[in-house]
Every structure is written in structure tokens, then in C-alpha cells.
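Shown next, in C-alpha cells, is the structure this report addresses.
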Amino acid sequence: MKYANEIGVFGCIALIASCFLPWIYIPSINTVVTGMKSGSTNFGSPGMLHIFFSVIAVVFFLIPKIWAKRANVVFCTLNFAWALKNYLLISRCEAGECPEKQAGIFIIVALSLLMMVMSLIPKISLPASNE
């Protein structure tokens, strides 16, 4: 795909920004959980690993070498797996109470999937063979 690297970089930057959006709202304790602040819960800050993987992915999207594209597949897949883990763990019902899912948790999963797909179809120019 012609613009796979540019779309991948845009996905990384948007993913970093969406770590600061609300992911869930827990009405019983009146807490909004984002990727960086978990309020009074013990979720920690799962957005930090998304930011780490996204920064590495941006660098690999911009390097026009085959080894960088192969390594980028690994980091984007790890990022997508982390997004699925966060979606399943943070938005689960616990003790009969289900949190209200906000837009941020869906955006994280969608952008991580976009990054993974763009890492699988990069545009790279290979040297001509002398046959």
C-alpha cells in the first residue's frame, strides 16, 4: 500500500493522544479511568506501555529498511495484544457492577488494529536484482 507508513505514523500519534481520553466510568465510586490515570482503582497506567510501543513503532515506520519493517510487525502486534488485554480487563464486570465504557477504550483497540495492519503491508523499495 502506497501510504501505509504515513497511515501507521498517524495511527501511532492518535493512539498516544487517545491514552489521555476517558476509557471507562465507574458510577459506584464516581471515577473516570483513563490510560494514564486510574483514579481510585488499582489499574495503574496502562497507557504508558501503549506510548512506549507507539514511539518505537513510529521510528520503525520511518526507517526504510527491511529489518525495521519486520521489527515493527512485532511491536505493533504487541501493542494490539496489550490493547485487547486492557479492553477485556478494564471493562469487565466485577462483583455485579459493570463500568460504563467510554469512547477511549474503543479508539485504543481500533487504532492498535490499524497500526498492526499497516505494519503488515509497508511500502518499501527493494534493490533491483542483477539477473
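The values are calculated or read from the model by the stated rules, or taken from the named source; none is laboratory data. Owing to the predicted nature of the structure, the values given are computational and were not obtained by experimental measurement. A quick note on method: Cβ atoms are made from the backbone with ideal geometry, for glycine too, and the neighbour counts reach across all protein chains shown.
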Next item on the list: Within region 68-76, identify whether any single residue is touching a Cys at 6+ places or on another chain (Cβ under 6 Å) and modelled with pLDDT of 95 or more, and answer yes or no.
Entry: no
Pairing a residue in region 7-19 that is touching a residue at least 24 places away in the same chain (Cβ under 8 Å) with any residue that is surrounded by 21 or more Cβ atoms within 10 Å (Cβ to Cβ) and not in a helix (DSSP H, G or I), where Cβ atoms lie under 6 Å and the two sit 6 or more apart in sequence or on different chains, gives C19/G35
Exactly one of L15, L21, L49, L62 is closer than 22 Å to E100 by Cα, of a type in the set (A, V, I, L, M, F, W, C) and surrounded by fewer than 20 Cβ atoms within 10 Å (Cβ to Cβ), and that residue is L21
Filtering region 77-115 for residues that are within 14 Å of A14 (Cβ to Cβ) and surrounded by 13 or more Cβ atoms within 10 Å (Cβ to Cβ) leaves a count of 13
Selection from region 76-99 of residues within 15 Å of the chain's Cα centre (by Cα) and of a type outside the set (A, V, I, L, M, F, W, C) yields T77, N79, K85, N86, Y87
**Asked** Being in contact with a Phe, Trp or Tyr (Cβ under 9 Å, 6 or more places away or on another chain), under 29 Å from S38 (Cα atoms) and hydrophobic (A, V, I, L, M, F, W, C), is that true of even one residue in region 87-96?
**Response** yes
| task | Assess whether S125 counts as being more than 22 Å from F20 (Cα to Cα) and either surrounded by fewer than 18 Cβ atoms within 10 Å (Cβ to Cβ) or of a type in the set (A, V, I, L, M, F, W, C) (or both). | result | yes
Exactly one of V33, V9 is surrounded by 15 or more Cβ atoms within 10 Å (Cβ to Cβ) and either closer than 27 Å to P127 by Cα or out of contact with any helix residue (DSSP H, G or I) (no Cβ under 8 Å at 6 or more places or on another chain) (or both), and that residue is V9
Within region 45-88, restricting to residues that are aliphatic (A, V, I, L, M), without any contact (Cβ under 8 Å) to a residue 12 or more places away in the chain and assigned to a helix (DSSP H, G or I), the one that is farthest from W23 (Cα to Cα) is A68
